[in-house]
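To start, the structure under review is shown below, and the notes come after it.
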Amino acid sequence: QVQLVESGGGLVQAGGSLKVSCAASGRTFTGAMGWFRQAPGKEREFVGAIRGSTVYYAESVKGRFTISRDGAKLTLYLQMNSLQPEDTAVYYCATGAVYGENYYQSGKYPYWGQGTQVTVSS
């Protein structure tokens with residue numbers, strides 16, 4: 001069984017920064033680990049993912065957000081800079097046996113954290 005626990009969300013002013021973490025326990029995978037977000041009334045959307053040493057980002061966050069993880073793959077990080085009100089959402093991490101070009105598809109990830117709220121005020 002896999003457990004993912006996000007932390008580090010909060011309230012920040014526009015232009016500010018925030019770093020959220022995702023601690024993984026139990027079984028680990030060699031496939032992708034991803035970050036997704038869901039704003040009220042919207043569908044869950046891809047933020048970014050890391051697979052091996054390759055990192056992928058959604059166009060909307062490229063250049064502002066950075067994904068990293070520790071060497072043991074037990075903690076995934078999302079550093080968010082230049083935050084804007086449109087970044088307000090619940091942020092989720094996800095993992096599983098996700099390989100190939102499926103890293104951006106939320107439905108391919110079987111394991112999810114509970115989410116952490118990020119609110120950006122204008």
Filter the trypsin sites (Lys or Arg not before Pro) in segment 1-70 down to the DSSP loop ones having no more than 15 other Cβ atoms within 10 Å, then list what survives.
Arg27, Lys42, Lys62, Arg64
For the chain the mean separation of alpha carbon contacts under 8 Å (6+ apart) over residue count, i.e. relative contact order in percent, is 36
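Are there GluC sites (Glu not before Pro) in segment 40-122 that DSSP puts in a loop and that have at most 11 other Cβ atoms within 10 Å, and which ones? It would help to have the intermediate numbers written out before the result.
Values: sites: Glu43, Glu45, Glu59, Glu86, Glu101; in loops: Glu43, Glu59.
Taking segment 40-122 and a limit of 11 other Cβ atoms within 10 Å, the loop GluC sites (Glu not before Pro) found are Glu43, Glu59.
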Take Gln1 and Ser68, extend 7 Å from each Cα along the Cα→Cβ direction, and tell me the distance between the two endpoints in nm.
3.2
Measure off, as a whole percent, the carbon and sulfur share of the 1.4 Å-probe accessible area of the chain, all protein chains present.
47
Name the residues whose placed amide hydrogens come within less than 5 Å of the amide hydrogen of Phe65, ignoring near sequence neighbours (fewer than 5 apart) on the same chain.
Asn81
Roughly how many Å² is the accessible area per residue of the chain, as a whole number, for a 1.4 Å probe?
50
Please say if segment 14-69 is rounded, prolate or oblate, where rounded means a/c under 1.5 for a ≥ b ≥ c the square roots of the C-alpha gyration tensor eigenvalues, and otherwise the choice is prolate for a/b larger than b/c and oblate otherwise?
prolate
Residue span Ala97 to Ser122: 0.36 nm per residue of separation minus Cα-Cα distance leaves a gain in nm of 5.2 nm
Can you work out the PRE-style zone for Ala39? Point 7 Å along Cα to Cβ, and I want the residues of segment 46-62 with backbone N under 18 Å.
46-48, 58-62
Amide H contacts under 5 Å for Gln105, restricted to residues at least 5 apart in sequence or on another chain and with H modeled in the peptide plane, are none
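The values are calculated or read from the model by the stated rules, or taken from the named source; none is laboratory data. Because the structure is a prediction, the values reported are computed rather than measured. A quick note on method: Cβ atoms are made from the backbone with ideal geometry, for glycine too, and the neighbour counts reach across all protein chains shown. Keep in mind that these areas ignore ligands, DNA and RNA; they rest on the heavy atoms of the full protein, side chains included. Shrake-Rupley method; radii C 1.70, N 1.55, O 1.52, S 1.80 Å.
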